1. Helix-only estimate, please: 222 nm mean residue ellipticity of the chain, summing -39500 (n - 2.57) across DSSP H runs of length 4 or more and dividing by its residues, to the nearest 500.
2. Relative to the longest principal axis of the C-alpha atoms of the chain, give the angle of the C-alpha long axis of helix 125-135, reported between 0 and 90° and rounded to the nearest 10°.
3. Tilt of helix 182-199 relative to the longest C-alpha principal axis of the chain, in degrees (0 to 90, nearest 10)?
4. Note the full-extension length gain between residue 31 and residue 149 as 0.36 nm times their separation in residues minus their Cα-Cα distance, in nm to one decimal.
5. Taking only Cα atoms, what is the 0 to 90° angle, nearest 10, from helix 152-165's long axis to the longest principal axis of the chain?
6. Indicate, rounded to the nearest 5 percent, the antiparallel portion of the DSSP beta bridges found entirely in the chain.
7. Relative contact order for the stretch 1-158 using alpha-carbon pairs under 8 Å, separation at least 6, rounded to a whole percent?
8. So what's the projected area for the stretch 40-150, the Cα convex hull averaged over all directions, in nm²?
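Bear in mind these aren't lab numbers, they're just calculated from the coordinates by the rules spelled out. On a predicted model such as this, the values are computed, not experimentally measured, just so you know. Note that we place each Cβ from the backbone using ideal geometry, even for glycine, and neighbour counts take in every protein chain shown.
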């Protein structure tokens, strides 16, 4: 099975010092594959490089060595239009759901900004918003509110709805439930599993919670000191 997203021998070294350069190795020799309809769990202690690896796979940070392949094509060698399309198809969902939304804007405005960037005709905004909200179990009554006026679980569902508007194939979930209550965590995880079944999404699930990884992941890898062990 061809991997949707693949990391080949990824390494990342940060250099410090003005005259005498010193290298700090963050990642070394990382190889992994993400497949349609499957979840790869990524565990490791704080500072092990989990989130950094997620950003590299999402194209937000360039590695020092190695390649990230999307449908077999090196993302850093893609023409500009292809790379733009790739960035829509590989999305990230972060730990702090409220922090991913602009606190000064209503939920509706945050959603409509995405639709505007996608050049969706304004006449379709309401129907597209309704469809995305239904997929994550939200009511349209929330659209007039701001992030501070809804719960953490609702904020995370809004963040998911915004991601779904981009019609991604890969979603990188960076501790998506760790800031939520246990009961709300279960709701979000069940939504994620349903979305994966319905849409064939490939997930990289970054988490320090074994029970979350055990519930979601088809396979699991662990990072220690920037390496897979």
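1. Values: 7 runs with 79 residues, N = 229.
It lands at -10500 deg cm²/dmol.
2. For 125-135 against the chain, the angle is about 70 degrees.
3. Tilt relative to the chain: about 90 degrees.
4. Values: separation 118, 0.36 × 118 = 42.48 nm, distance 4.19 nm.
Once the chain is fully extended between residue 31 and residue 149, it gains 38.3 nm.
5. The helix 152-165 is inclined about 80 degrees to the chain.
6. Details: 18 of 36 bridges.
Antiparallel bridges: around 50 percent, rounded to the nearest 5.
7. Working: 189 pairs, mean separation 32.1, N = 158.
Result for the stretch 1-158 is 20 percent.
8. On the way: hull surface 38.1 nm².
Computing the convex hull of the Cα atoms and averaging its projections yields 9.5 nm².
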